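Presented below is the structure to which this report refers.
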Amino acid sequence: MSERMVIDASVAAKWFLQDVMEADIDLADEILVTFLSGDLELHAPRIFTYELCGLLTKACRRRLPGTNGFRLPKEQALRCAHELFSLSIHVAEATEAEGCEALGMAVDYSKKHYDMTYVRLAQHLDCQWCTADETADEAVPPAFPRNHILHLQALRPSP
């Protein structure tokens with residue numbers, strides 16, 4: 001059986017936005033390669049596809065520093081969206097109970113509801129949520145489920 005991981009848009013965006021504005025692209029690519037080889041199951045809540053398409057849209061509107069060009073031309077963003085939807089990432093539909101549970105977690109931990117949908121899914125699957133957001137588990141009460149959060153940068157081997 002392959003290992004499981006909940007992936008968020010901040011990590012998956014690095015598969016498509018490989019420019020000077022992104023860090024840790026190599027680590028995100030390692031996750032993708034491991035997933036494509038069948039050694040890793042990737043899971044995400046439904047919000048994942050919307051968040052990632054939102055990041056691609058933003059990249060189409062943002063210019064690369066020191067150039068007149070945008071980070072991502074529209075045609076390339078559309079290809080990226082097609083590639084995303086062709087990947088066999090297990091995207092979970094939220095039930096009413098799950099949505100309410102994530103909302104309760106967001107209030108209890110003073111976090112974004114979107115983020116808590118990832119944490120809740122990771123708890124349910126008994127795996128970790130991999131995120132490039134280094135602040136995902138900052139300023140939280142002791143009961144916060146930190147053991148279900150894996151920062152992308154933590155995958156980098158120590159020198």
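Annotations
- As a rough footprinting exposure proxy, the listed residues His113, His82 were ranked by other beta carbons within 10 Å of their own, and the order from fewest upward is His82, His113.
- Rg(Cα) / (2.2 N^0.38 Å) computed for region 112-157, rounded to two decimals: 1.09
- Compactness of the chain, taken as the C-alpha radius of gyration over 2.2 N^0.38 Å, stands at 1.06.
- With neighbour counts taken as other beta-carbon atoms within 10 Å, the residues Met5, Met21 rank, fewest first, as Met21, Met5.
- Within region 69-147, trypsin sites (Lys or Arg not before Pro) in DSSP loop having at most 13 other beta-carbon neighbours inside 10 Å: Lys112
- Ascending count of other beta-carbon atoms within 10 Å, so fewest first, for Leu121, Leu103, Leu150: Leu103, Leu150, Leu121
- When both bridge partners sit in the chain, DSSP labels roughly 5% of those beta bridges antiparallel.
- Normalised contact order of the chain, rounded percent, pairs of Cα under 8 Å and 6 or more residues apart: 29
- The helix-based estimate of mean residue ellipticity at 222 nm for the chain, built from -39,500 (n - 2.57) per DSSP H run of four or more residues and divided by its residue count, is -15000 deg cm²/dmol to the nearest 500.
Throughout, read-outs are computed from the coordinates displayed, never taken from laboratory work. Note that the structure is predicted; figures quoted are calculated from it, not measured. No Cβ is skipped: glycine too gets one built from the backbone with ideal geometry, and neighbour counts run over all protein chains shown.
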